[in-house]
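The values are calculated or read from the model by the stated rules, or taken from the named source; none is laboratory data. The shown structure was predicted, so the numbers you read here are calculated from the model rather than taken from an experiment. Every residue, glycine as well, gets a Cβ built from its backbone with ideal geometry; the counts of neighbours run over all protein chains shown. For accessibility, only protein heavy atoms count, side chains too; no ligands or nucleic acids. Shrake-Rupley method; radii C 1.70, N 1.55, O 1.52, S 1.80 Å.
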Amino acid sequence: MGSKEAETVTRRRLVVATSALGGIAVVGAAIPFVASMAPSERARSAGAPVEADLSKLAPGQLGTVEWRGKPVWILRRTPEMIERLGRLDRLLLDPASARTQQPEYCRNPLRSIRPEFWIAVALCTHLGCVPSVRKDVAPADLGPDWPGGFYCPCHGSKFDFAGRVFRNVPAPLNLEVPRHKYLSDAVVLVGADDDASG
Ligand code: FES
């Protein structure tokens with residue numbers, strides 16, 4: 001495959017969760033999306049950046065695109081979600097994102113370019129399971145401190161809505177934020193940016 005072809009941007013439909021609450025529904029939504037891709041398309045787009053249409057996401061919804069064979073989440077955070085992220089530092093292992101799990105332009109408390117939209121590889125940094133979204137605050141099974149976030153069903157790791165890992169869980173790192181840039185107010189390109197520094 002030539003480099004020109006490899007760099008071809010692939011337009012993808014953003015898969016939007018059908019349930020405002022359902023982590024299982026969100027994760028499940030990625031399956032038909034992946035399966036619907038023809039093998040040739042998958043091969044061609046293996047390393048290509050992916051465009052996602054943000055206009056399909058309602059506040060609080062989570063969408064999924066596939067990039068380099070991995071699920072990538074795009075979360076449209078509500079003002080309440082953003083506000084809660086400012087009160088969690090004492091619960092988190094790396095609240096200021098000191099470790100390299102994001103491009104420099106996302107090394108901030110919200111781990112994003114725009115506060116409203118957060119983008120991350122949807123794989124737990126312990127052993128790579130796909131965490132479930134848990135938007136409910138202080139549910140019985142996750143405890144009174146649970147602010148809403150992502151819970152990994154494999155071994156119980158927890159992440160907030162910026163992908164920051166909680167203390168005392170198996171996962172050692174925040175979720176990975178991939179390179180990305182906004183092509184317009186409603187379109188983001190996942191997998192590429194204008195930062196030549198790496
Ligand atoms: S893979 Fe997520 S906690 Fe182990």
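Residues whose amide H falls under 5 Å from that of E176, counting only those 5 or more places apart or on a different chain, are V121, L123, with hydrogens built in the peptide plane. Karplus-derived 3J(HN,Hα) values for region 76-84, using 6.51 cos²θ - 1.76 cosθ + 1.60 with θ = phi - 60°, are 9, 7, 7, x, 5, 4, 5, 5, 5 Hz; glycine and proline are entered as x. For trypsin sites (Lys or Arg not before Pro), the sites in region 69-173 that DSSP calls loop and that have at most 16 other Cβ atoms within 10 Å are R87, R99, R107, R167. The Cα center of region 79-150 and the Cα center of region 153-167 differ in position by 7 Å. Per residue, region 67-197 exposes 44 Å² of accessible surface when a 1.4 Å probe is rolled over the protein heavy atoms with every protein chain present. For region 45-190, the Kirkwood estimate of hydrodynamic radius, built from reciprocal distances between every pair of different alpha carbons, is 15.2 Å. Taking amide H as placed 1.01 Å from N in the peptide plane, the amide H of D53 sits under 5 Å from that of L14, each at least 5 places away or on another chain.
Each residue of region 64-70 is assigned a 3J(HN,Hα), and the resulting list reads 10, 10, 9, 9, 6, x, 10 Hz, derived from the Karplus form 6.51 cos²θ - 1.76 cosθ + 1.60 (θ = phi - 60°), x at Gly and Pro.
Carbon and sulfur atoms: what percent of the 1.4 Å accessible area of region 45-190 do they account for? Whole-percent figure for carbon plus sulfur exposure: 55. When the residues I82, I119, I113 are ordered by accessible surface, computed with a 1.4 Å probe over the protein chains alone, the sequence from largest down reads I113, I82, I119.
Scanning residues 5 or more positions from G148 or on other chains, those with amide H under 5 Å from its amide H are A138, with H placed 1.01 Å from N in the peptide plane. Each label point was placed 7 Å from the Cα along the Cα-to-Cβ direction; for D145 and D194 their separation is 4.1 nm.
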